[in-house]
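Each value in this text was obtained by applying a stated rule to the coordinates, not by laboratory testing. These numbers come from a predicted model, not from an experiment. In this analysis, Cβ positions are derived from the backbone assuming ideal geometry, glycine residues included, and neighbour counts consider all displayed protein chains.
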Amino acid sequence: MVFVITGPSGCGKSTLIKRVRRAVRGLDFSVSHTTRARRPSEKDGVDYHYVSERVFARMVRARKFLEHARVHGHLYGTSRAEVESKGRRGDVILDIDVQGARQVRARVPGAVLVFIMPPVAAELRRRLRNRGEDSPEAVKRRLRNARAEVRAYAEFDYVVVNDDLARAAAELKTVVAAARHNPEAMAAELRPILRSFAK
Ligand code: ADP
Ligand code: 5GP
């Protein structure tokens, strides 16, 4: 199953994904490609695959991306190979922007899309500033983009307000657990039960 976590930059997507992955088995993270420069706190191949615009453009032409978008001035994309290889072993979780989430919705039947809503605009600003990873101009740009992004919440399957981190993480875990109980996701577990009734 493919889980998509989306929402404005700084709302807490990567923090929540890390928390949920620690608590839930079989949920692998899809490492995106980006042309953004690596932040000091990040690792190549773990947080992102860092590539040049030229390499990214070549991958777009070769149809390597399941979805891709320009976000806050940089290119980001989810490679098909990443989702396919990790998806063979279990569920995959994507941290992507609203434009990318829309593309996944259109291309991946059964994908579960979760929108993370910041508790209030001023708190989003505070989180982006305190994270200390983006220049003041980059923070401004991300806040400007957030205005339109928050209005898209109703396009997705679930919404989690990330106010208290522990509560939001618990809510996201609940969403994952519920989605894993849809009939399609339960099919393998149900097969022997159904066989027992066929005797
Ligand atoms: P995103 O991945 O959506 O851009 P991050 O996960 O990097 O956002 O979170 C942005 C900043 O806000 C980080 O410094 C993170 O530690 C902090 N943060 C995330 N969730 C909360 C929360 N519920 N309360 C306070 N700070 C939070
Ligand atoms: P950051 O630069 O803060 O890591 O990420 C900026 C934004 O890009 C975030 O909203 C994040 O979700 C989004 N993003 C990260 N990877 C991808 C991706 O592969 N595709 C798309 N469409 N957005 C991505």
(Q) Quick check on the exposure proxy: order Lys64, Lys13 from fewest to most C-beta atoms within 10 angstrom. (A) Lys64, Lys13
Q) Magnitude of the Cβ-charge dipole of the chain, K/R +1 and D/E -1, about the Cα centre, nearest 20 debye? A) 320 debye
Q) Among Gly87, Gly77, Gly100, which one shows the biggest mean-square fluctuation in a GNM of the chain, springs joining Cα atoms closer than 10 Å? A) Gly87
Q. Does segment 2-197 classify as rounded, prolate or oblate by the C-alpha gyration tensor (a ≥ b ≥ c root eigenvalues; a/c under 1.5 gives rounded; else a/b over b/c gives prolate, otherwise oblate)?
A. oblate
Q. Label Glu184 and Arg61 with points 7 Å out from Cα along Cα→Cβ: what is the distance between them in nm?
A. 3.5 nm
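For Arg80, Arg22, what's the fewest-to-most ordering of other Cβ within 10 Å of each Cβ?
Ordered from fewest to most neighbouring Cβ atoms within 10 Å, Arg80, Arg22 come out as Arg22, Arg80.
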Q) Among all the lysines, which ones have a C-alpha under 20 Å from Lys86's C-alpha, if same-chain residues fewer than 8 places away are not counted? A) Lys13, Lys18, Lys43, Lys64, Lys173
Q.
So if each residue of separation counts as 0.36 nm, and I subtract the Cα-Cα distance between Arg147 and Ala121, what length gain in nm does that give?
A. 8.5 nm
Q: State the Cα centre-to-centre distance between segment 58-74 and segment 99-173 in whole Å.
A: 20 Å
**Q.** Selection from Leu94, Met59, Gly77, by position along the positive dipole direction of segment 2-197 (Cβ)
**A.** Met59
Q) Hey, any idea what Rg/Rh is for segment 1-64, computing Rh the Kirkwood way over Cα pairs? A) 1.00
Q: Evaluate the relative contact order of segment 2-197 (contact order divided by residue number), counting alpha-carbon pairs under 8 angstrom at least 6 apart; express in whole percent.
A: 30 percent
Q: Quick one: order Asp95, Asp157 by neighbouring beta-carbon count within 10 Å, fewest to most.
A: Asp157, Asp95
**Q.** Note, ³J(HN,Hα) from phi for segment 38-53, Karplus 6.51, -1.76, 1.60, rounded to Hz, x at Gly and Pro
**A.** 5, 7, x, 7, 9, 10, 5, x, 10, 8, 8, 9, 8, 10, 6, 4
Q.
Running a GNM on the chain with Cα contacts under 10 Å, which residue among Ala148, Ala187, Ala23 ends up with the highest mean-square fluctuation?
A. Ala187
